1. State whether the residues of the range 48-59 include one that is out of contact with any strand residue (DSSP E or B) (no Cβ under 9 Å at 6 or more places or on another chain) and either closer than 18 Å to Ala36 by Cβ or basic (Lys, Arg) (or both).
2. Any idea how many residues of the range 75-101 are more than 26 Å from Asp37 (Cβ to Cβ), among the acidic types (Asp, Glu) and either in contact (Cβ under 8 Å) with a residue 40 or more places away in the chain or part of a loop (DSSP other than H, G, I, E, B) (or both)?
3. For the range 18-67, give me the residue count where each residue is closer than 16 Å to Glu7 by Cβ, in contact (Cβ under 8 Å) with a residue 60 or more places away in the chain and among the charged types (D, E, K, R).
4. Right, Glu10: in contact (Cβ under 8 Å) with a residue 24 or more places away in the chain, closer than 16 Å to Gly85 by Cα and in contact with a helix residue (DSSP H, G or I) (Cβ under 6 Å, 6 or more places away or on another chain) or not?
5. Only one residue in Ser46, Ser33, Ser18 is surrounded by fewer than 17 Cβ atoms within 10 Å (Cβ to Cβ), small (Gly, Ala, Ser), within 19 Å of Glu96 (Cβ to Cβ) and out of contact with any Lys or Arg (no Cβ under 8 Å at 6 or more places or on another chain), so which one is that?
6. Mind counting the residues in the range 1-55 that are part of a strand (DSSP E or B) and either on the phi < 0 side of the Ramachandran plot or hydrophobic (A, V, I, L, M, F, W, C) (or both)?
Amino acid sequence: MTRSSIEVLEYVVKAADSKFAEDIVALEMKDVSLLADYFVITHANSERQLDAIAKSILDAADEHNQAVKRVEGKDNGKWVLIDLGDVIIHLFSEEERDFYNLEKLWSDAEQVDVSDWLG
């Protein structure tokens with residue numbers, strides 16, 4: 001079953017939140033980029049937590065029969081990119097998130113209210 005990008009976004013946000021991801025931001029990219037419908041940006045407080053969040057998202061994708069196009073950065077402990085096609089997840093250490101500041105880079109994108117999906 002093919003899921004809509006908003007459904008993928010929902011389970012990704014819930015999976016990240018289940019591992020206490022910090023300051024989860026979802027950006028609607030449809031009007032500003034051809035890369036994806038949504039970007040999810042979040043950070044972890046430790047390398048272990050970063051790995052746990054990434055694993056939780058990948059497990060959720062697997063449970064929903066979602067193809068994972070690629071995973072990058074998983075071994076460096078500072079950031080992980082998970083490409084689920086229409087939804088791309090950017091996981092960072094707090095320092096890396098501040099450094100790359102993707103929210104500012106993509107400030108033209110509308111922020112999606114994900115508060116209903118957070119525990």
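A short reminder: the numbers here are calculations on the coordinates, not readings from a lab. These numbers were taken from a predicted model, which means no experiment stands behind them. Virtual Cβ from ideal backbone geometry, glycine too; neighbours counted across all protein chains shown.
1. Within the range 48-59 (the criterion being out of contact with any strand residue (DSSP E or B) (no Cβ under 9 Å at 6 or more places or on another chain) and either closer than 18 Å to Ala36 by Cβ or basic (Lys, Arg) (or both)), the answer is yes, since at least one residue qualifies.
2. So the count comes out to 2.
3. 1
4. Numbers: in contact (Cβ under 8 Å) with a residue 24 or more places away in the chain: yes; closer than 16 Å to Gly85 by Cα: yes; in contact with a helix residue (DSSP H, G or I) (Cβ under 6 Å, 6 or more places away or on another chain): yes.
Yes; evaluated as a whole, the condition is true for this residue.
5. Values: Ser33 fails: within 19 Å of Glu96 (Cβ to Cβ); Ser18 fails: within 19 Å of Glu96 (Cβ to Cβ).
Answer to the selection: Ser46.
6. Here is the first cut: in the range 1-55, the ones part of a strand (DSSP E or B) are 22-28, 38-44.
Narrowing the set further to residues that are either on the phi < 0 side of the Ramachandran plot or hydrophobic (A, V, I, L, M, F, W, C) (or both) leaves 22, 24-28, 38-44.
Qualifying residue count, the range 1-55: 13.
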